[in-house]
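A short worksheet on the structure shown next.
Bear in mind that the values in this text are calculations on the coordinates, not laboratory data. None of these values were measured; they are calculated from a predicted model. Glycine gets a Cβ as well: all are built from the backbone with ideal geometry, and neighbour counts include every protein chain shown.
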Amino acid sequence: MNRKKKIYETLKKKDKRANAKLHKSNKPRYISKAEREAKQENDDNSHLTEQAEQG
C-alpha cells in the first residue's frame, strides 16, 4: 500500500510541476520602490527636455 501511494504521489508532483511551467502568471513583474523613483525621475527629465526643445 505504501509503495503504491508513494509512486502515485511522485507522479502527481511531476504532473503538477509540468503543468505549472505551461501556465505562466499574468501578474506583472515586481518593481522596487527605488526603481519606480528612478523611472519617475527619468520621465520628468525627458519631459523637461522635450519642453525646452519645443519652446
Rounded tilt (10° steps) of 33-54 against the dominant C-alpha axis of the chain:
30
For Ala34 and Gln54, extending 7 Å from Cα along the Cα-Cβ vector and measuring point to point gives, in nm, a value of 3.4
In degrees, nearest ten, helix 2-22 long axis to first principal axis of the chain (Cα):
20
For the chain: lysine pairs under 15 Å (alpha-carbon distance), excluding those fewer than 8 apart on one chain
8
The computed P(r) of the chain puts the percent of Cα pairs beyond 18 Å at 67
